[in-house]
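This report concerns only the one structure given below.
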Amino acid sequence: MAEVAVVILNWNGVHFLGKFLPPLIKFTDQDLAEIWVADNGSTDASLELLRKDFPIVKTIELGENYGFAEGYNRALDQIDTPYFVLLNSDVEVSENWLTPLYNTMKDNASLGACMPKIKSWHDKDSFEHAGAAGGFIDKFGYPFCRGRIFNQIEKDSGQFDSDLDIFWASGACLMIRSDLYKRSGGLDPFFFAHMEEIDLCWRIKNLGYKIKFCWESTIYHIGGGTLPKHDHNKTYLNFRNNIILLYKNLPAGRLFQILFPRLILDWISMLQFLVKLELRNFSAVIKAHLFLLFHIPSIRRLRAKNLKLDGFNLHPEIYPGSIVYNFFIKGEKHYRQLEFHP
């Protein structure tokens, strides 16, 4: 039986499947891993392509679009291997991409999840936004990476070629122990898409496991395959889900002192959108905060469920300062300027 299930969640991504399944099949050891495509109710020719051109790929037909989180939960519930790799459909893997990840997990029982180096498919000398060389958050919940802070992306010159404990692993390519995925509750469907992998990683860390960046594995990510970079719905989900992430996972003693200034920062962002006449993004932030206001009971239940699961902890991989202040006021736009040593 295969040790690893590499699982692609697909929704109307026939062009990505046709482009990126051939290198995935070529560079994946078939004795180590089996490749799955879980189809989220596609209306294009995805399933026809899989049946005709890629019979080696196993398929799960979910029947409708459940989003990233629930789609993966439903698919992984049907797969039985010791390890899962959640792999985006808009990813091109490189030679020997899987073995370093697998060996890292197998050799370290305290490791819950890991991720490869993620570089841009469009500019293969540069890191890619969704993960780069390992994910972190600051004390106000803003995500950033080694190699990417906000939209400032670094070239890869080998400056991060070392394994490192990180706070979150990218959902573009996330390897996780299957029993831990299920024990932790998997991805939270309330998020639908965006930041659900950070929430999952926070819960994994609260259970006492580490998350690691594995520099010897490299993939190339297009990004924006489901929601384009400047889509206002992406703005809505990012602002909405980031507050939910903090409320679910912060210790009670830190909740108000973090959430109140964070909301103020959101309002400042909203005003900036207005000044720039980015009216759809301005409306997206208002919509996100209205959602939070009208779903307080549901979000409280998520926090209560999290408390029963694993409690609340802070971790050394959380940057103790404000990445917003460092970036916009101090002009520190690169990871190494932060003097952050997790």
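The values are calculated or read from the model by the stated rules, or taken from the named source; none is laboratory data. No experiment lies behind these values; they were computed from the predicted model shown. With ideal geometry, Cβ positions are generated from the backbone for all residues, glycine too; neighbour counts draw on all protein chains shown.
So here's what we get for this one:
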| quantity | calculated |
| --- | --- |
| Single match in LYS248, LYS287, LYS308 (criterion: assigned to a helix (DSSP H, G or I) and either modelled with pLDDT of 95 or more or of a type in the set (Asp, Glu) (or both)) | LYS287 |
| Region 271-306, residues that are under 15 Å from LEU245 (Cβ atoms), among the aliphatic types (A, V, I, L, M) and out of contact with any Lys or Arg (no Cβ under 8 Å at 6 or more places or on another chain) | none |
| Members of region 71-92 found to be over 19 Å from VAL14 (Cα atoms) and surrounded by fewer than 23 Cβ atoms within 10 Å (Cβ to Cβ), listed by number | ASN73, ARG74, ASP77, GLN78, ILE79, ASP80, THR81, PRO82 |
| Any chance ILE268 is in contact with an Asp or Glu (Cβ under 6 Å, 6 or more places away or on another chain) and β-branched (Val, Ile, Thr) | no |
| Qualifying positions in region 155-177 - under 15 Å from PRO100 (Cα atoms) and more than 18 Å from the chain's Cα centre (by Cα) | ASP161, SER162, ASP163 |
| Residue in region 215-227 that is among the small types (Gly, Ala, Ser), farther than 28 Å from SER42 by Cβ and not in a strand (DSSP E or B) present | no |
| Positions within region 39-64 being buried (at least 16 other Cβ atoms within 10 Å of the Cβ) and either part of a loop (DSSP other than H, G, I, E, B) or not assigned by TED's automatic domain parsing to the domain that holds HIS15 (or both), in sequence order | ASN40, SER42, PHE54, VAL57, LEU62 |
| Residue match in region 199-219 (condition: among the acidic types (Asp, Glu) and under 19 Å from ASN151 (Cα atoms)) | no |
| Cβ pairs under 6 Å, 6+ apart, first in region 130-141 and within 18 Å of ASP163 (Cα to Cα) and touching a residue at least 40 places away in the same chain (Cβ under 8 Å), second basic (Lys, Arg) and outside any loop (DSSP other than H, G, I, E, B) | ALA133/LYS117 |
| Out of GLU95, GLU128, sole residue that is surrounded by 22 or more Cβ atoms within 10 Å (Cβ to Cβ), at pLDDT 95 or above, charged (D, E, K, R) and in the same structural domain as ILE8 (by TED's automatic domain parsing) | GLU128 |
| Output for region 45-66, where each listed residue is free of Cβ contacts under 8 Å to residues at least 60 places away in the same chain and in contact with a Phe, Trp or Tyr (Cβ under 9 Å, 6 or more places away or on another chain) | SER46, VAL57, LYS58, THR59, ILE60, ASN65 |
| Some residue of region 228-238 being of a type in the set (A, V, I, L, M, F, W, C) and not assigned by TED's automatic domain parsing to the domain that holds ILE296 | no |
